[in-house]
Amino acid sequence: MRVAEISVGAIRHNVARVRELTGGAVIVVVKADGYGHGAAIAAEAALAGGAAMVATADLEEALTLREHGIDAPILCWLHGARVDFADAVAARIEIGVSHLQQLEAVAEAARALGSVATVQFKVDTGLSRNGAAPEEWEALFARAAELVAAGLVRVTGIFSHLANAGDANDRLQAERFDAAVAGLRAVGIEPDMIHLAASAATLRSPHLHYNTVRVGVAAFGLSPFADQTSAQLGLIPAMTLRAEIVALRGVPAGTGVSYGFNHVCETATTLALVPIGYADGMPRALNGAGAWVTVAGEHRPIVGRIGMDQFIVDVGPLAGRLELGDEVVLFGDPEQGHPPVEIWAGLMRTINYEIVVGIGPRVRRIPVDGPAS
């Protein structure tokens, strides 16, 4: 009844587009179940598009990718205070290290396994989230050099995260990042991957590309900017959210619709019931906000309050052409005539990221080849 079609062709295209723009290595972030697209589906497509590595936030996500057969390099960087890194070392996960205690824990896991742990250093250059603070860098990098010499640790990269607070702040963060890279080199460690730019800086700030970029939402074909569409950036949205009509009901003028009758039909019409609700990530606050879907290729309004499992569409003049089981598209690629996810995001005063990540587990993710195969 409810399906998110994931175009692997679109993801391949988007990653290739990023590679074309940057000329360096591309890390594709597939945290939060691949931004709601399905982490394994997204990882496979990204790697097929030329990604050098995929990345997650936490270790559990990274290990799940291994369980799904993803054998390529995986980076993860958000760790609990008592995490045991043994599974990460055994599974060849590259561990993002943000402070000395984490580095020691990683080295201890490697020692216990008789193995070598692979790490990348995450440094804070102004976002004020996770990442080693500047006053920690000297001791952290010096200890890393000792652990490298002892054969317990291999350092493959260094990275930070921009606050997207304007060009001046981006450049200030880049200066701090340069200092961190210099500090790592000063102890004799030359990182293979140096990455600061996420999707926004990748698409607009080539001076911040270094030798690697780390993209999330751009890989899924969504624009990180309010003033540019995906198509204008050369990207293709990968998710199409579809459902089917499970009931059709002709009603007279004056009929109230759904809870509270906050919508009353002004004229006789036909209502279609669609089995997706707020339990599936369709925001209840879209009630009466002007959202629409496509039915039989035409725009039709969502009416009445959205329920936990379902919502209602006024299909009006289409009624005679519709049958149970006919397709409803909630959002997808506007170049294919579908509503863009940005309509929901705009009505909700949020970002497209939040909408796609919020699509619930009852919605089946189905990989399709897509338009860019």
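Taking the square roots of five times each eigenvalue of the Cα gyration tensor of the stretch 299-373, the equivalent ellipsoid has semi-axes of 22, 18, 14 Å, listed largest first. For the stretch 228-278 versus the stretch 77-104, the inter-centroid distance based on Cα atoms is 45 Å. Derived value for the chain: Kirkwood hydrodynamic radius 22.3 Å. Basis is the mean of 1/r over every pair of different alpha-carbon atoms.
The ranking of His68, His79 by Cβ neighbour count inside 10 Å, starting from the fewest, reads His68, His79.
Here Leu21, Leu113 are placed in order of increasing Cβ neighbour count within 10 Å, fewest first, which gives Leu113, Leu21. Overall, the ratio between the Cα radius of gyration of the stretch 8-221 and 2.2 N^0.38 Å, rounded to two decimals, is 0.97.
DSSP beta bridges confined to the chain are antiparallel in about 45 percent of cases. Thr156 to Leu100: FRET efficiency via 1/(1 + (r/R0)^6), r the Cβ-Cβ distance, R0 25 Å, to the nearest 0.05? Once the sixth-power term is evaluated, E becomes 0.85.
Relative contact order (percent) for the chain, with alpha-carbon contacts under 8 angstrom and 6 or more residues of separation? Don't skip to the end; give the middle numbers.
On the way: 836 pairs, mean separation 70.8, N = 373.
With pairs under 8 Å counted, the relative contact order is 19 percent.
With θ taken as phi - 60° and the Karplus curve 6.51 cos²θ - 1.76 cosθ + 1.60 applied, the whole-hertz 3J(HN,Hα) list for the stretch 30-47 is 10, 5, 6, 6, x, 6, x, 8, x, 4, 5, 4, 5, 5, 4, 5, 5, 5 Hz, x standing for glycine and proline. Normalised by the number of residues in the stretch 239-368, the average gap of Cα pairs under 8 Å and 6 or more apart makes the relative contact order 27 percent.
Listed from fewest to most Cβ neighbours within 10 Å, the set Phe159, Phe141 follows the order Phe141, Phe159. In the stretch 239-368, the ratio of gyration radius to Kirkwood radius, Rg to Rh, stands at 0.94 when only Cα atoms are counted.
The fraction of Cα-Cα pairs per 10 angstrom bin, counted from 0 for the stretch 14-92, comes to 20, 50, 25, 5, 0 percent, rounded to whole percents.
Just so you know, all these numbers are worked out from the coordinates, no wet-lab data involved. Predicted, not measured: the structure shown is a model, and the values here were computed from it. Virtual Cβ from ideal backbone geometry, glycine too; neighbours counted across all protein chains shown.
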